[in-house]
Amino acid sequence: MDSDKRTQGYGTPPGNYDPTPIDMNGDIFKFFRHTAIPLTDAIIEYQFGQNGHKLISSAADYYDKPVVSTEIYGAYKEQSFDSLMLYRSAMDLFSRGVNFVVPHGMWYNPNEVYIPPLVSPYSKKLAPALPAYSNYIGRSCMLLQGGKRVANIGVLYPFEELSGWYRFEDPKNPRQGFFVSPETNYQEIGGFLTNDIRHDFTFIHPEYFLDNKYEIKQGSILLNNRENNQKYDAIIITGCKVISLKTLQKIKKYYDQGGVVISTGQLPFKSSEMGQDEKVKELIFEIFNVNPEAPLLSKIKFNSNTVKGEAIHIPNPNGDNLSKTIKRHVDSDVEFSPNPILATNMGKFNYIHKIKDSKDIYFFLILVMTL
C-alpha cells in the first residue's frame, strides 16, 4: 500500500478487481474492513477489469461506507489518452458505485513521468480541459457520496468456489488473480446486469450473508444499514460447484418465505463444510428441482412453492435469457424501453440511482463511440 494512500485512509490491494482474490489479497470484502475509503484501481486501459469494480463498491455497501474511491488512468497509453478519456473512464466508474476520484500521474516534474499518462497542467493536450473536468468531477462526487443506493438484486459472491478451486503453484495457473474454475462466471453475470440488461445489483459475500444485517422479510432480503440500506427482491447464485451449507440454508429460508432465487450455470453439489455434501445436494434439489450432479441441459428450469417462492435455473446464461428471467420475476427500478443495443462494446449506457437527503439522484452514463 502506498504511503500517501495509507495516511488518507484508503488503499489498493493487489488484483482488487480480478476474478479471484485468493493469491492476491485473500478476500476482497474483508480487506476493506480496515480502510475508511474502499478503493479500486482503474488502470491499464479503458474498461480493463470493468466487471470487478462492483466488488469494491459492494463491500462499501455492506460496511455502510459512504465514499468509494478510484485511482484512475494509471498506465493508460499516452498517445491515445485525451480529454475525452478523462471523462469516459470516470463516468464508467461513477455508474459502478465510485464517488471519489484520484487521478494517477499528477507528476510535479513532467520530465520524470515513469508511468504515463501525464495528467496535469504540464500536459499541453490536457491542460485546457482540466478546469471543466475538475468542476464536473467535484460536482458528481458531491452528489453521489453517501445516501442509499437503490439495487434490488443480490448476486452471491462465490468465495467458497474461488478458494475451493485454487491450487498454489498449479502449472495451469495463467497469472495471478485469474486461476478460477471453468464454472466461475460471477463477473460475467455482473457484466450482463450492468452493461446489457441495465439492472443494478450488489454482490453479497456468502459469509456476511449469515449476519443479522441481512434479514429475510416478506419475500425480500434486507440489508439493514444505518444509511445505505438495501432491499433485494431476488438473489442470484452464479456458476459453482462449492457453496457453504449454512449460506445455502439461509437461501432456502428465503425461498421458503416467497423469495426469488436464480441460478446461472453449474449448481453447487459440494459443501465448504466437511462432510455436508449430501445436505447441499438435497437443498439444491428442494429449491430448483434439479439434480446438481446431472449434465447441464439447455432448457431453463422453473420451480415454485405454495407461498410464491420462485426458483429459476438457467444452465447456459446469456444477456438475453437472463434479461427475460429478471423482467418476468423482478420489478425494475429503472427501465429502458426499448433497451438500447450498442453497436460497439466500447460505448456505454448505464445508470446508478441513489436516495440522499430524501431526494432521488439519477446518474446516467451515455457514451457513444465510433471506431
Legend entry - Residue satisfying condition, being closer than 25 Å to GLN257 by Cα, of a type outside the set (Ser, Thr, Tyr), open to solvent by 20 Å² or more (accessible area, probe 1.4 Å) and in contact (Cβ under 8 Å) with a residue 12 or more places away in the chain, within set GLU183, GLU188, GLU207: GLU207
Legend entry - Criterion violated by GLN47 - all others in (1) part of a loop (DSSP other than H, G, I, E, B); (2) touching a strand residue (DSSP E or B) at 6+ places or on another chain (Cβ under 8 Å); (3) more than 22 Å from TYR122 (Cβ to Cβ); (4) not hydrophobic (A, V, I, L, M, F, W, C) satisfied: (2)
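Looking for something touching an Asp or Glu at 6+ places or on another chain (Cβ under 8 Å), closer than 13 Å to PRO158 by Cβ and open to solvent by 10 Å² or more (accessible area, probe 1.4 Å) - is there at least one such residue anywhere in region 222-237?
First, the residues of region 222-237 that are touching an Asp or Glu at 6+ places or on another chain (Cβ under 8 Å): 222-228, 230, 233.
This time we only want the ones that are closer than 13 Å to PRO158 by Cβ, so: none.
No: zero hits.
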Inset, instruction - Specify the residue that is surrounded by the fewest Cβ atoms within 10 Å (Cβ to Cβ); the eligible residues are those in region 50-98 that are of a type in the set (Asp, Glu) and outside any helix (DSSP H, G or I). - result: ASP82
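Residue by residue, here is whether (1) in contact (Cβ under 8 Å) with a residue 60 or more places away in the chain; (2) part of a strand (DSSP E or B); (3) of a type in the set (D, E, K, R) holds:
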{"residue": "VAL101", "(1), (2), (3)": "no, yes, no"}
{"residue": "LEU118", "(1), (2), (3)": "no, no, no"}
{"residue": "TYR122", "(1), (2), (3)": "no, no, no"}
{"residue": "LEU130", "(1), (2), (3)": "no, no, no"}
{"residue": "MET142", "(1), (2), (3)": "no, no, no"}
{"residue": "GLY146", "(1), (2), (3)": "yes, no, no"}
Legend entry - Qualifying residue in region 313-329 (condition: within 20 Å of ASP200 (Cβ to Cβ), assigned to a loop (DSSP other than H, G, I, E, B), open to solvent by 30 Å² or more (accessible area, probe 1.4 Å) and touching a residue at least 24 places away in the same chain (Cβ under 8 Å)): yes
Inset, instruction - Return the only residue of PHE302, PHE336, PHE363 being in a strand (DSSP E or B) and touching a residue at least 60 places away in the same chain (Cβ under 8 Å). - result: PHE363
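The values are calculated or read from the model by the stated rules, or taken from the named source; none is laboratory data. What you are looking at is a predicted structure, and each value in this text was computed from that prediction instead of being measured. Please note: Cβ atoms are built from the backbone with ideal geometry, for glycine as well, and neighbour counts cover all protein chains shown. Note: accessible area is taken over every heavy atom of the protein model, side chains too, but ligands, DNA and RNA are not part of it. Shrake-Rupley method; radii C 1.70, N 1.55, O 1.52, S 1.80 Å.
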